[in-house]
Structures are given as structure tokens and as C-alpha cells.
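K.L.:
Can you keep this structure in mind? I'll have questions shortly.
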Amino acid sequence: MKKHVIIGSRGSDLALWQARFVKGELENRGCSVDIKIIKTQGDAIQHLSFDKLEGKGFFTKEIEDALLSGEVDLAVHSHKDVETNPPAGLTIACVSDRANPSDLLLIRKSCVSPTTKWSLKKNANVGTSSVRRKTQFLHFRQDCAINDLRGNVPTRIDKLRNGKYDAIILAKAGVDRLELDLSEFTCVELDPREFVPAPAQGVLGLQIRSNDGEMAELMASMNNTEVQKCISLERKILNLLEGGCQLPLGAYCTEDHHLYVAFAKKPGAESIFFDYEVTEFPGMAEKVVADLHEALGG
């Protein structure tokens, strides 16, 4: 079994938390571990929204290139950022336990209105760069204005603190992992059965070279097979819809195999929502996509 591992990671606080978490798991298995920080396109270009960036894999490509070249042995990703068609020669060999998959609405306390949906005042200015979040939020709150919000998690919160937005939407898992003090805001956890998360939200994806048998053996000892089954269904739906992170799709399969799906034809279009009891995983993604096509007229 491999005794020294070099992890490739982005340099944000959250990415480094994730890399250090995996580092600890590997050290518990007798490995020595170094972390190599790699800057991605998504990190380098902060002035554009995601839909204006070229290509796919905004937060993964450069790390995957380092993995393919042998510069690193293991890439630690937020699984929701990973393309569903991986580069030749790479594989996701391990998925983590799933942290809370919900999205979190952070509201400046001066913008709270207890009588409105999610306690956010009418006509609020809401920050997010996720087309899924934009589209679903407008489904429930058409009065609000949605504006792009880029940057790492602390930067986004600083922009809210400084009054550039009335509220922002973040993944709760990232906020929890960083143990941030949010006491100055009103925090509303959005029910993932209603405001449906991105496929694999809350899960880490550990990527290796397909021909690296030593790393594959290590990863097998860490893999959560039940989470893997659930998020594989979520990501298969995304794959069949030929979408990446700019597709307004939410898909969430619970531990008891209840599947929630939210989808719109394009960003800002009306969302449709489905839920299913999953009794058989094979063929389920195909059924969901067929139902979506039928509901939207092809």
C-alpha cells in the first residue's frame, strides 16, 4: 500500500479544510502526506459569472492535469464540481460521508421579514452565481432580484456583511466545515426536499489515476458505498441531461432512497419538481429524464 501521498487541492479555506481532512484519514492508515496547492480557472477569474467562463471543470481541470502528469497522486474535490464524464485515465475512487446537503440562506438582520417565505423581505437583493440556486429561488420568490456573487466562502460572507446584498445563498456543508460565526445574520436552512441541492452536494470526491493500484487499494478502505450509490444516481441524471454546473438541475437522493428533482429548461425558466421512491437504482435516472422531457415537451 502506498506510503507517501501528494494531494492536489485548490487554495481556498474550504478546499484546504477538505484536503486536510483527507490527509488525516490517510495518516490514520499509515501514510505520510503532503498537500500541493493548485490554482484553477475558477479561482483565477473572479470578475465573471460562471456562464461566461469558457469550457467546463472550472474548479477541477488544472488539478486533474497535475494528477495525469504524476505531479500529485490524489485530487480532493467537492464532488458537485466534478464533470460527469471524467478525463481519460482518471477515476473517482472514493466518496466521503455526506455532510448536510442543504443550501443556507444568510440574511442581514435588517432585511428579515417574518411574514414572507424564508423570512426574507420583499424585493430583496440576493447573491449567488449558481444557476440552479437562481432558478429555484425565483420559483418561490419572484419578487427578488438575483445578482452574481463570486469568491470563496469568507469573501462572499464579507460582501453580505458590507451591504452589497440583502441575503446570499451558500452550501451549508461548507459553512459548517469552516465553523464560521454567523451570529450577526439570520440563517435559514433551505429544506433539500423543497429547495433541491446540486447532485452530490455535501460529498467529497477523491480522484486518482485509473492505473494506480496502490491508491485504489487505499481509496477502497475509505469509500462510503451507500453514499456512492445515492450520488451516482443524482450524477447520472445530470449526465443524461448533458449538463454541467451551469444546468439548473437539483437532484437529491436521501439515505432512505427518496429522490427529489428540480429542473428548468434554461436558467431563469420555470422549474418543475418531481419526487420518487427509489426501489430499483438501475434505470431510475433514465426514467427521471424521460419524465422531465415529457413534462417540458421534449
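What follows draws every value from the coordinates through simple rules; no lab data is involved. Not measured: the values here are computed from a predicted model. All Cβ positions, even for glycine, are placed from backbone atoms using ideal geometry, and neighbour counts span all protein chains on display.
K.L.:
Can you work out ³J(HN,Hα) from phi for every residue in the stretch 285-292, in order, using Karplus 6.51 cos²θ - 1.76 cosθ + 1.60 and θ = phi - 60°, giving whole Hz and x for Gly and Pro?
P.N.:
Going residue by residue, I get 4, 4, 5, 4, 5, 4, 5, 5 Hz, with x marking Gly and Pro.
K.L.:
Sorted from fewest to most neighbouring beta carbons within 10 Å, what does the list S96, S113 look like?
P.N.:
Neighbour counts put them in this order, fewest first: S113, S96.
K.L.:
Any idea what log10 I(q)/I(0) is at q = 0.14, 0.18, 0.22, 0.25 Å⁻¹ for the stretch 103-190, Debye with uniform C-alpha scatterers and no solvent?
P.N.:
Result of the Debye calculation: -0.41, -0.70, -1.09, -1.46.
K.L.:
Something else about it: Given 0.36 nm per residue, what is the gain on full extension from A88 to E226 after removing their alpha carbon distance, in nm?
P.N.:
The span from A88 to E226 would gain 47.1 nm if fully extended.
K.L.:
By the scheme Lys and Arg +1, Asp and Glu -1, what is the net charge of all other residues having a beta-carbon under 13 Å from that of S113?
P.N.:
Residues close to S113 contribute a combined charge of +4.
K.L.:
Can you tell me how the stretch 149-298 classifies by the Cα gyration tensor, rounded, prolate or oblate, using a/c under 1.5 as the rounded cut?
P.N.:
oblate
K.L.:
Pull up all non-local amide H partners of I35: gap of 5 or more, or a different chain, and H-to-H distance under 5 Å with H placed in the peptide plane.
P.N.:
Excluding prolines and chain starts, which carry no amide H, the hits are I7.
K.L.:
Right, something else. How would you rank V33, V76, going from fewest to most other Cβ atoms within 10 Å of each one's own Cβ?
P.N.:
Final ranking by Cβ density, sparse to dense: V33, V76.
K.L.:
Still on this structure, I have one more. So if each residue of separation counts as 0.36 nm, and I subtract the Cα-Cα distance between K109 and A290, what length gain in nm does that give? Let's see the in-between values first.
P.N.:
Numbers: separation 181, 0.36 × 181 = 65.16 nm, distance 4.31 nm.
Answer, rounded to one decimal: 60.9 nm.
K.L.:
Classify the stretch 1-41: rounded, prolate or oblate, from the alpha-carbon gyration tensor (a ≥ b ≥ c, eigenvalue square roots; a/c under 1.5 rounded; otherwise prolate if a/b is larger than b/c)? Please report the intermediate quantities before stating the final value.
P.N.:
Numbers: a/c = 3.81, a/b = 1.86, b/c = 2.05.
Oblate, since a/c reaches 1.5 and b/c is not below a/b.
K.L.:
Here's a follow-up. Once phi is turned into θ = phi - 60°, what whole-Hz ³J(HN,Hα) does the Karplus curve with 6.51, -1.76 and 1.60 give for every residue of the stretch 142-156, x standing for Gly and Pro?
P.N.:
5, 6, 7, 9, 9, 10, 4, 9, 10, x, 6, 4, x, 5, 4
K.L.:
Taking a virtual spin label 7 Å from the Cα of F21 along the C-beta vector, which residues in the stretch 185-203 bring their backbone nitrogen under 13 Å of it?
P.N.:
Flagged as within label range: 201-203.
K.L.:
Could you list M215, M284 in order of exposure, starting from the residue whose Cβ has the fewest other Cβ atoms within 10 Å?
P.N.:
Exposure proxy ranking, most exposed first: M284, M215.
K.L.:
For the chain, take the longest principal axis of its alpha carbons; what is the angle in degrees between that and the long axis of helix 213-222, to the nearest 10 within 0 to 90?
P.N.:
Between the helix axis and the principal axis of the chain, the angle is about 50 degrees.
K.L.:
Quick check: Cα centre of the stretch 239-275 to Cα centre of the stretch 66-111, how many Å?
P.N.:
Answer, in whole Å: 18.
K.L.:
What is the ratio of the Cα radius of gyration of the chain to 2.2 N^0.38 Å, with N the residue count, to two decimals?
P.N.:
1.00
K.L.:
Let me ask you something else. In a GNM of the chain with a 10 Å cut-off on Cα contacts, which of T225, T115, T40 has the highest mean-square fluctuation?
P.N.:
Evaluated over the chain, the most mobile residue of the options is T115.
K.L.:
Multiply the residue separation of K122 and H258 by 0.36 nm, subtract the distance between their alpha-carbon atoms, and state the gained length in nm to one decimal.
P.N.:
Extra length from K122 to H258 when fully extended: 45.7 nm.
K.L.:
Roughly what % of DSSP beta bridges within the stretch 103-190 run antiparallel, to the nearest 5?
P.N.:
Rounded to the nearest five, the antiparallel share is 70 percent.
K.L.:
From the backbone phi of the stretch 160-173, what are the Karplus-calculated ³J(HN,Hα) couplings (6.51 cos²θ - 1.76 cosθ + 1.60, θ = phi - 60°) in whole Hz, Gly and Pro given as x?
P.N.:
After applying 6.51 cos²θ - 1.76 cosθ + 1.60, I find 5, 4, 7, x, 6, 9, 7, 7, 9, 10, 9, 6, 5, 4 Hz.
K.L.:
For the stretch 252-297, rounded, prolate or oblate, judged on the Cα gyration tensor with a ≥ b ≥ c (square roots of eigenvalues), a/c < 1.5 rounded, else prolate if a/b > b/c?
P.N.:
Judged from the Cα gyration tensor, the stretch 252-297 comes out oblate (a/c at least 1.5, b/c at or above a/b).
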